[in-house]
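Presented below is the structure to which this report refers.
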Amino acid sequence: MEIQNILVTSRMYKELEGIIEREDKRGKTFRYVDEKNINDEDLKWADAYMSFYPVENFAFHQMKWVHSLGAGVDRYVKLDSWKDDVILTRTVCSFGARMSEYCLSYMLSELQYHVAFQKAQREKKWEPLEPVLLSSQKVVIYGTGEIGQSIAEMLKRFGVQVTGVSRSGKSNQHFHQVVATDDEASHVKQADWIINTLPLTPETNRMFNAEWMNILQGAYFINVGRGATVDTVSLIEAINTRRIKKAFLDVFEVEPLPQSDMLWEHENIVITPHISAVTTPEEAVACFFDTLDRIEADKPLENKVDLNRGY
(Lines give C-alpha, C1' and ligand atoms only; values in the text may rest on other atoms or scores of the structure.)
Protein backbone atom coordinates (compact mmCIF):
# COMPACT_ATOMS: atom_id res chain seq x y z
CA MET A 1 0.00 0.00 0.00
CA GLU A 2 1.29 3.45 -0.88
CA ILE A 3 0.45 6.53 1.19
CA GLN A 4 1.04 10.03 -0.21
CA ASN A 5 -1.34 12.65 1.24
CA ILE A 6 -1.35 12.76 5.04
CA LEU A 7 -3.73 14.97 7.02
CA VAL A 8 -2.40 15.87 10.49
CA THR A 9 -4.59 17.43 13.15
CA SER A 10 -4.92 17.47 16.95
CA ARG A 11 -4.24 19.89 19.77
CA MET A 12 -0.49 19.54 19.11
CA TYR A 13 -0.51 19.69 15.33
CA LYS A 14 1.96 22.59 15.29
CA GLU A 15 4.51 20.63 17.32
CA LEU A 16 4.01 17.63 15.04
CA GLU A 17 4.53 19.82 11.99
CA GLY A 18 7.88 21.09 13.26
CA ILE A 19 9.20 17.58 13.94
CA ILE A 20 7.85 16.04 10.71
CA GLU A 21 9.16 18.81 8.47
CA ARG A 22 12.57 18.56 10.13
CA GLU A 23 12.92 14.78 10.08
CA ASP A 24 10.90 13.40 7.16
CA LYS A 25 12.81 12.47 4.01
CA ARG A 26 10.16 10.18 2.53
CA GLY A 27 8.73 12.72 0.07
CA LYS A 28 5.19 12.56 1.44
CA THR A 29 2.76 15.47 1.28
CA PHE A 30 1.46 16.65 4.64
CA ARG A 31 -1.38 19.02 5.45
CA TYR A 32 -1.53 20.43 9.01
CA VAL A 33 -4.90 21.79 10.13
CA ASP A 34 -6.35 22.80 13.50
CA GLU A 35 -9.00 20.22 14.44
CA LYS A 36 -11.58 23.04 14.66
CA ASN A 37 -10.97 23.98 11.03
CA ILE A 38 -11.00 20.61 9.25
CA ASN A 39 -13.35 20.74 6.26
CA ASP A 40 -14.63 18.18 3.78
CA GLU A 41 -12.04 19.16 1.19
CA ASP A 42 -9.25 18.27 3.64
CA LEU A 43 -10.81 14.88 4.29
CA LYS A 44 -11.33 14.15 0.58
CA TRP A 45 -7.68 15.04 -0.10
CA ALA A 46 -6.21 12.64 2.47
CA ASP A 47 -4.89 9.10 2.01
CA ALA A 48 -4.16 9.00 5.74
CA TYR A 49 -5.52 10.76 8.83
CA MET A 50 -3.48 11.33 12.00
CA SER A 51 -5.12 12.60 15.21
CA PHE A 52 -6.19 11.62 18.72
CA TYR A 53 -9.79 11.20 17.58
CA PRO A 54 -12.06 11.77 14.56
CA VAL A 55 -13.31 15.34 14.12
CA GLU A 56 -17.08 15.94 14.17
CA ASN A 57 -17.38 16.06 10.37
CA PHE A 58 -15.08 13.09 9.84
CA ALA A 59 -15.62 11.00 6.70
CA PHE A 60 -13.38 8.38 5.10
CA HIS A 61 -13.68 9.35 1.43
CA GLN A 62 -10.50 7.89 -0.15
CA MET A 63 -8.57 7.22 3.06
CA LYS A 64 -6.54 4.06 3.34
CA TRP A 65 -5.19 4.50 6.86
CA VAL A 66 -6.21 6.16 10.13
CA HIS A 67 -3.64 6.55 12.91
CA SER A 68 -4.57 7.41 16.50
CA LEU A 69 -2.06 9.58 18.35
CA GLY A 70 -3.18 7.93 21.58
CA ALA A 71 -3.46 4.33 22.75
CA GLY A 72 -7.24 4.61 23.13
CA VAL A 73 -9.28 4.18 19.96
CA ASP A 74 -12.85 3.92 21.25
CA ARG A 75 -13.97 7.10 19.43
CA TYR A 76 -12.75 5.65 16.15
CA VAL A 77 -14.30 2.24 16.76
CA LYS A 78 -17.65 3.94 17.52
CA LEU A 79 -17.83 5.47 14.03
CA ASP A 80 -21.05 4.38 12.35
CA SER A 81 -19.52 2.71 9.31
CA TRP A 82 -15.89 1.72 9.28
CA LYS A 83 -14.65 0.93 5.79
CA ASP A 84 -13.27 -2.58 5.60
CA ASP A 85 -10.29 -1.51 3.52
CA VAL A 86 -9.12 1.20 5.97
CA ILE A 87 -6.38 0.27 8.44
CA LEU A 88 -6.65 1.63 11.99
CA THR A 89 -3.47 1.82 14.09
CA ARG A 90 -2.68 3.38 17.45
CA THR A 91 0.34 4.98 19.05
CA VAL A 92 2.43 2.63 21.17
CA CYS A 93 5.50 4.19 22.78
CA SER A 94 6.47 4.68 26.44
CA PHE A 95 2.90 4.29 27.72
CA GLY A 96 3.72 1.11 29.62
CA ALA A 97 6.65 2.69 31.47
CA ARG A 98 4.74 5.89 32.21
CA MET A 99 1.66 4.09 33.55
CA SER A 100 3.84 1.74 35.60
CA GLU A 101 5.53 4.67 37.32
CA TYR A 102 2.18 6.40 37.84
CA CYS A 103 0.77 3.34 39.62
CA LEU A 104 3.94 2.74 41.62
CA SER A 105 4.04 6.36 42.82
CA TYR A 106 0.59 6.14 44.41
CA MET A 107 1.17 2.67 45.81
CA LEU A 108 4.35 3.82 47.57
CA SER A 109 2.68 7.01 48.77
CA GLU A 110 -0.02 5.00 50.54
CA LEU A 111 2.22 2.23 51.85
CA GLN A 112 4.77 4.74 53.18
CA TYR A 113 2.04 6.89 54.79
CA HIS A 114 3.09 10.10 53.05
CA VAL A 115 -0.19 11.90 53.74
CA ALA A 116 -0.28 10.85 57.40
CA PHE A 117 3.30 11.97 58.01
CA GLN A 118 2.71 15.31 56.27
CA LYS A 119 -0.34 15.87 58.48
CA ALA A 120 1.65 14.94 61.60
CA GLN A 121 4.40 17.35 60.57
CA ARG A 122 1.95 20.23 60.19
CA GLU A 123 0.61 19.45 63.66
CA LYS A 124 4.15 18.90 65.08
CA LYS A 125 3.26 15.41 66.26
CA TRP A 126 5.72 12.52 66.49
CA GLU A 127 3.54 9.57 65.46
CA PRO A 128 5.52 6.59 64.11
CA LEU A 129 3.77 4.28 61.65
CA GLU A 130 5.40 1.16 60.22
CA PRO A 131 5.62 1.39 56.40
CA VAL A 132 4.18 -1.56 54.50
CA LEU A 133 6.44 -3.48 52.14
CA LEU A 134 5.44 -3.74 48.50
CA SER A 135 6.33 -7.42 48.62
CA SER A 136 3.40 -7.99 50.98
CA GLN A 137 0.86 -6.72 48.45
CA LYS A 138 -1.48 -8.61 46.15
CA VAL A 139 -2.36 -6.75 42.95
CA VAL A 140 -4.98 -7.63 40.35
CA ILE A 141 -4.49 -5.99 36.95
CA TYR A 142 -7.39 -5.90 34.51
CA GLY A 143 -5.96 -6.13 31.00
CA THR A 144 -2.95 -8.26 30.09
CA GLY A 145 -1.91 -6.37 26.95
CA GLU A 146 1.25 -4.34 26.56
CA ILE A 147 0.41 -1.80 29.28
CA GLY A 148 -0.82 -4.38 31.78
CA GLN A 149 2.27 -6.49 31.15
CA SER A 150 4.56 -3.53 31.72
CA ILE A 151 2.94 -2.73 35.07
CA ALA A 152 3.04 -6.39 36.11
CA GLU A 153 6.69 -6.77 35.13
CA MET A 154 7.68 -3.72 37.17
CA LEU A 155 5.69 -4.77 40.25
CA LYS A 156 7.09 -8.31 40.17
CA ARG A 157 10.59 -6.87 40.56
CA PHE A 158 9.50 -5.61 43.99
CA GLY A 159 8.11 -9.00 44.97
CA VAL A 160 4.47 -8.05 44.48
CA GLN A 161 2.07 -10.93 43.82
CA VAL A 162 0.46 -9.99 40.49
CA THR A 163 -2.66 -11.57 39.00
CA GLY A 164 -3.89 -10.60 35.56
CA VAL A 165 -7.52 -10.69 34.40
CA SER A 166 -8.35 -11.11 30.71
CA ARG A 167 -11.20 -12.45 28.60
CA SER A 168 -9.38 -15.68 27.83
CA GLY A 169 -7.39 -16.22 31.03
CA LYS A 170 -4.41 -17.19 28.89
CA SER A 171 -1.18 -17.39 30.90
CA ASN A 172 1.44 -14.68 30.46
CA GLN A 173 5.03 -14.69 31.70
CA HIS A 174 4.78 -11.21 33.19
CA PHE A 175 2.08 -12.26 35.68
CA HIS A 176 2.23 -14.84 38.43
CA GLN A 177 -1.13 -16.03 37.10
CA VAL A 178 -3.84 -14.91 34.69
CA VAL A 179 -7.51 -15.70 35.22
CA ALA A 180 -10.52 -15.28 32.96
CA THR A 181 -13.13 -12.63 33.74
CA ASP A 182 -15.52 -15.41 34.76
CA ASP A 183 -13.07 -16.61 37.43
CA GLU A 184 -11.97 -13.32 38.98
CA ALA A 185 -14.06 -13.06 42.14
CA SER A 186 -11.85 -14.93 44.60
CA HIS A 187 -8.75 -13.07 43.44
CA VAL A 188 -10.44 -9.67 43.56
CA LYS A 189 -11.70 -10.40 47.07
CA GLN A 190 -8.14 -10.97 48.30
CA ALA A 191 -6.56 -8.05 46.42
CA ASP A 192 -4.88 -5.10 48.11
CA TRP A 193 -4.86 -3.15 44.85
CA ILE A 194 -6.94 -3.26 41.66
CA ILE A 195 -5.47 -1.62 38.54
CA ASN A 196 -7.62 -1.12 35.46
CA THR A 197 -5.86 -0.81 32.07
CA LEU A 198 -8.78 -1.98 29.92
CA PRO A 199 -9.89 -0.22 26.73
CA LEU A 200 -13.50 0.87 26.32
CA THR A 201 -15.55 -1.71 24.42
CA PRO A 202 -19.20 -2.81 24.65
CA GLU A 203 -18.03 -5.56 27.03
CA THR A 204 -16.06 -3.25 29.34
CA ASN A 205 -18.56 -0.38 29.46
CA ARG A 206 -19.58 0.00 33.16
CA MET A 207 -17.75 -3.25 33.87
CA PHE A 208 -16.74 -1.97 37.29
CA ASN A 209 -20.25 -1.62 38.66
CA ALA A 210 -22.02 -2.13 41.99
CA GLU A 211 -22.13 -5.91 41.59
CA TRP A 212 -18.38 -6.04 40.99
CA MET A 213 -17.59 -3.62 43.83
CA ASN A 214 -19.60 -5.69 46.29
CA ILE A 215 -16.88 -8.33 45.98
CA LEU A 216 -14.13 -6.03 47.24
CA GLN A 217 -12.92 -5.99 50.82
CA GLY A 218 -11.01 -2.74 51.19
CA ALA A 219 -8.77 -2.66 48.13
CA TYR A 220 -7.27 0.43 46.54
CA PHE A 221 -8.49 1.12 42.99
CA ILE A 222 -6.42 2.72 40.21
CA ASN A 223 -7.99 3.54 36.83
CA VAL A 224 -5.62 4.29 33.94
CA GLY A 225 -7.81 2.52 31.37
CA ARG A 226 -10.97 4.32 30.31
CA GLY A 227 -13.38 6.38 32.40
CA ALA A 228 -16.58 4.80 31.08
CA THR A 229 -15.50 1.36 32.30
CA VAL A 230 -16.40 2.54 35.82
CA ASP A 231 -19.83 3.30 37.26
CA THR A 232 -18.84 6.37 39.28
CA VAL A 233 -21.99 6.41 41.45
CA SER A 234 -21.25 2.84 42.53
CA LEU A 235 -17.58 3.74 43.00
CA ILE A 236 -18.43 6.52 45.45
CA GLU A 237 -20.80 4.23 47.32
CA ALA A 238 -18.09 1.55 47.53
CA ILE A 239 -15.61 4.08 48.94
CA ASN A 240 -18.16 5.38 51.46
CA THR A 241 -18.76 1.82 52.70
CA ARG A 242 -15.01 1.06 52.73
CA ARG A 243 -15.23 -1.73 50.18
CA ILE A 244 -12.76 0.46 48.27
CA LYS A 245 -10.22 2.14 50.52
CA LYS A 246 -9.22 4.88 48.08
CA ALA A 247 -9.43 5.49 44.32
CA PHE A 248 -6.87 7.05 42.02
CA LEU A 249 -8.53 8.16 38.78
CA ASP A 250 -6.68 9.42 35.71
CA VAL A 251 -9.45 8.90 33.13
CA PHE A 252 -13.08 9.98 33.03
CA GLU A 253 -16.14 9.51 30.85
CA VAL A 254 -16.24 13.27 30.23
CA GLU A 255 -12.93 15.12 29.95
CA PRO A 256 -12.09 17.65 31.21
CA LEU A 257 -13.99 16.54 34.29
CA PRO A 258 -16.78 19.12 34.87
CA GLN A 259 -16.37 21.29 37.96
CA SER A 260 -19.82 20.19 39.09
CA ASP A 261 -18.83 16.52 39.22
CA MET A 262 -19.08 14.98 42.70
CA LEU A 263 -15.75 13.16 42.23
CA TRP A 264 -13.84 16.39 42.88
CA GLU A 265 -15.08 16.66 46.45
CA HIS A 266 -14.39 13.19 47.82
CA GLU A 267 -11.51 13.02 50.30
CA ASN A 268 -10.65 9.44 49.30
CA ILE A 269 -10.51 10.05 45.57
CA VAL A 270 -7.37 11.36 43.88
CA ILE A 271 -7.95 12.97 40.47
CA THR A 272 -5.26 13.48 37.84
CA PRO A 273 -5.99 15.06 34.42
CA HIS A 274 -5.28 12.11 32.08
CA ILE A 275 -1.51 12.34 32.47
CA SER A 276 -0.54 8.75 33.33
CA ALA A 277 0.55 8.16 29.72
CA VAL A 278 1.24 11.37 27.87
CA THR A 279 1.96 11.16 24.14
CA THR A 280 4.93 13.41 23.44
CA PRO A 281 5.19 14.89 19.92
CA GLU A 282 8.56 13.18 19.42
CA GLU A 283 7.24 9.74 20.34
CA ALA A 284 4.09 10.29 18.30
CA VAL A 285 6.07 11.08 15.15
CA ALA A 286 8.47 8.16 15.68
CA CYS A 287 5.58 5.70 16.06
CA PHE A 288 3.76 7.19 13.06
CA PHE A 289 6.76 6.89 10.73
CA ASP A 290 7.55 3.37 11.91
CA THR A 291 3.94 2.40 11.16
CA LEU A 292 4.00 4.18 7.78
CA ASP A 293 7.17 2.34 6.75
CA ARG A 294 5.68 -0.99 7.79
CA ILE A 295 2.44 -0.34 5.90
CA GLU A 296 4.26 0.54 2.69
CA ALA A 297 6.60 -2.45 3.06
CA ASP A 298 3.63 -4.74 3.82
CA LYS A 299 5.17 -5.76 7.15
CA PRO A 300 3.24 -6.92 10.25
CA LEU A 301 1.74 -4.13 12.39
CA GLU A 302 1.90 -4.73 16.13
CA ASN A 303 -0.16 -1.59 16.75
CA LYS A 304 -2.99 -2.47 14.35
CA VAL A 305 -6.44 -2.33 15.95
CA ASP A 306 -8.75 -5.33 15.77
CA LEU A 307 -12.04 -3.57 15.04
CA ASN A 308 -14.07 -6.53 16.27
CA ARG A 309 -12.39 -6.42 19.68
CA GLY A 310 -12.09 -2.65 19.80
CA TYR A 311 -8.38 -2.55 20.63
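For residue 135, what is the net charge nearby, where nearby means another residue's Cβ is under 14 Å from its Cβ and Lys, Arg count +1, Asp, Glu -1? Walk me through the numbers on the way to the answer.
Values: positive: 138, 156, 157; negative: 192.
Neighbourhood net charge equals +2.
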Task: Surface per residue (accessible, 1.4 Å probe) for the chain, Å² - done: 52
Open item on the list: Helix 95-111 against the longest principal axis of the chain: what's the angle in degrees, Cα atoms only, rounded to the nearest 10?
Closed with: 20
TODO: For the range 118-201, just say rounded, prolate or oblate: build the C-alpha gyration tensor, square-root its eigenvalues into a ≥ b ≥ c, call rounded for a/c under 1.5, and beyond that prolate if a/b exceeds b/c, oblate if not.
DONE: prolate
- [ ] Please report, as a whole percent, how much of the solvent-accessible surface of the range 259-311 comes from carbon and sulfur atoms (probe radius 1.4 Å).
- [x] 47
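Sort 234-246, 137-149 by the packing proxy (mean of other Cβ within 10 Å over each peptide's residues), most packed first. Display every interim value, and only then the final one.
On the way: 234-246: 17.6, 137-149: 22.2.
Sorting 234-246, 137-149 by mean packing, highest first, produces 137-149, 234-246.
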Task: Label-point separation, residue 130 to residue 255 (7 Å along Cα→Cβ), nm - done: 4.1
Open item on the list: Only Cα pairs within less than 10 Å get springs; with that Gaussian network setup on the chain, which residue of 162, 254, 230 has the largest fluctuation?
Closed with: 254
Task: FRET efficiency, 1/(1 + (r/R0)^6) with R0 51 Å, evaluated for residue 181 and residue 41 via beta carbons - done: 0.65
- [ ] Can you tell me the 0 to 90 degree angle between the C-alpha axis of helix 281-296 and the longest principal axis of the chain, rounded to 10?
- [x] 50
Task: For residue 215, net neighbour charge (Lys/Arg +1, Asp/Glu -1) across residues whose Cβ lies under 11 Å away - done: 0
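Rounded to two decimals, what is Rg over Rh for the chain when you use alpha-carbon atoms and the Kirkwood radius? Could the numbers behind the result be given before it?
Details: Rg = 21.4 Å, Rh = 21.1 Å.
Result: Rg/Rh = 1.01.
Let a ≥ b ≥ c be the square roots of the eigenvalues of the Cα gyration tensor of the range 76-146; is it rounded (a/c under 1.5), or, if not, prolate (a/b larger than b/c) or oblate? Provide the component values of the computation, followed by the final result.
Working: a/c = 4.23, a/b = 3.02, b/c = 1.40.
It comes out prolate by the Cα gyration axes.
Mind running the shape call on the range 130-288? Use the C-alpha gyration tensor, a ≥ b ≥ c as the square roots of the eigenvalues: rounded below 1.5 for a/c, prolate if a/b tops b/c, oblate otherwise.
Working: a/c = 1.39, a/b = 1.04, b/c = 1.33.
Rounded.
Could you please state how large a percent of the accessible area of the range 105-216 is carbon and sulfur, counting protein chains only and using a 1.4 Å probe?
On the way: 3130 of 6300 Å².
C and S atoms contribute 50 percent here.
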TODO: Would you mind checking the range 22-36 for residues with the amide N under 18 Å from a putative spin-label position 7 Å along Cα→C-beta of residue 293?
DONE: 22-29
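The values are calculated or read from the model by the stated rules, or taken from the named source; none is laboratory data. What you see is a predicted model; the values in this text were computed from it and never measured. Reconstructed Cβ throughout: ideal geometry from the backbone, glycine too, with neighbour counts over all protein chains shown. Ligands, DNA and RNA are stripped out before the accessible areas are found, and what is left, the full protein with its side chains, is counted by its heavy atoms. Shrake-Rupley method; radii C 1.70, N 1.55, O 1.52, S 1.80 Å.
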